[in-house]
1. Any chance you could run the full-extension gain for Glu184 through Ala300? It's 0.36 nm times the residue separation minus the Cα-Cα distance, nm to one decimal.
2. Before rounding to the nearest 500, sum -39500 (n - 2.57) across all DSSP H runs of length at least 4 in the chain and divide by the residue total; then give [θ] at 222 nm in deg cm²/dmol.
3. Per residue, how many Å² of accessible area does the range 120-218 show with a 1.4 Å probe?
4. Between Arg167 and Arg191, take the C-beta separation as r, use R0 = 30 Å, and let me know the FRET efficiency to the nearest 0.05.
5. How tilted is helix 288-302 with respect to the longest principal axis of the chain? Cα atoms for both, answer in degrees (0 to 90, nearest 10).
6. Measure out, as a whole number of angstrom, how far apart the alpha-carbon centroids of the range 183-229 and the range 22-43 sit.
7. May I ask for the angle, rounded to the nearest 10°, between helix 14-36 and the longest principal axis of the chain, with both axes built from Cα atoms and the value confined to 0 to 90°?
8. Taking the radius of gyration and the Kirkwood hydrodynamic radius from Cα positions alone, what is the Rg/Rh ratio for the chain, to two decimal places?
Amino acid sequence: MMPASLTLPSGIALDTLLAELRRLSWGAADILRAYARGEQPPYGFPAALSVDAGGEGPVSAADLAVNRWLLDGLEAAFPAADWTLLSEETAREQLVEGQPLAAEWLWILDPLDGTKDFLQGTGEYAVHLALVRGGTPVLGVVLLPEMEELWIGVVGDDGGEAWCENRGGERSPARFSSRSRLGELVLVASRNHRDQRLEQLLEALQLGDTKAIGSVGGKVATILRGETDLYVSLSGRSAPKDWDMAAPEAVLRAAGGAFSHADGAPLTYNSGDVRQAGCLIASHGLAHGELCERAAAAMARIDPGFAV
């Protein structure tokens, strides 16, 4: 059952929207899997040319193809919808620093999250689609093409629902672990983004095991499956962007988990700054308050003045 309190732009029915998101997501999976394997992509998109040959590399070709597939698909399916479309690929043209987009309803899309993993062939890449209203995600889709998993989360004012689908439409619910003591919590971390400050923070948290996974969407999916319990993002010279976080946050929160800054403040989107800077913690929720409290105290020692 869907949250009764979920509202959508005028003329948009949730069932119709979800059906179109399924079609677009599995189409995106086919496109990305073809580029990942060096095969001819479907839907008329060009084969990837090597950078040495003077063309776009496979990542650029895949990014651009999926971006066009999603944007064109949403525009064709809902031509009169009162929403704005923003993707990582179009942000440079659309955004002016310090100025939010004038949109009550905003789609935030990442056609390929986990570029390094896509290149390295780990299979741990994702596609993110999030519908944001007033700076808060209300619907999220995280597609894991190589795992054939489509995670959908619908957030309502009085709760939410999140589930995983396969291509056949068979659903399975999110299944958080029951681990609640900090010393037994399993962390999911990046292979490619770690620095000394993060290592010091993790040492201070005194967690249990650690699992390395690419893509924020892939990380959050491990929490949703109960394989891990939390993810920590600590910005340094760079920070994740709105399109990295919006869809995973929506699905996690819809499932009953938590995603916040270490001081407990919520993440906000379309704020005029696409960077999601600070110390961000995503978890299954069972020890979220304690995690935030300990992380904030640790960061005050590790990096005094750092805005968590």
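1. On the way: separation 116, 0.36 × 116 = 41.76 nm, distance 2.41 nm.
Value of the extension gain: 39.3 nm.
2. Values: 8 runs with 100 residues, N = 308.
Estimated from H runs of four or more residues: -10000 deg cm²/dmol.
3. Working: 4260 Å² over 99 residues.
So the range 120-218 comes to 43 Å² accessible per residue, rounded to a whole number.
4. Efficiency, rounded to the nearest 0.05: 0.60.
5. Once rounded, one gets 70 degrees.
6. Going from one Cα centre to the other spans 29 Å.
7. Tilt relative to the chain: about 90 degrees.
8. Values: Rg = 18.8 Å, Rh = 19.7 Å.
Taking Rg over the Kirkwood Rh, I get 0.95.
The values are calculated or read from the model by the stated rules, or taken from the named source; none is laboratory data. In this text the structure is predicted, and so the values were computed from the model without any measurement. Methodologically, a virtual Cβ is constructed for each residue, glycine included, from the backbone with ideal geometry; neighbour enumeration extends over all protein chains shown. When the accessible area is computed, the model is the full protein with side chains, heavy atoms only, and any ligands, DNA or RNA have been set aside. Shrake-Rupley method; radii C 1.70, N 1.55, O 1.52, S 1.80 Å.
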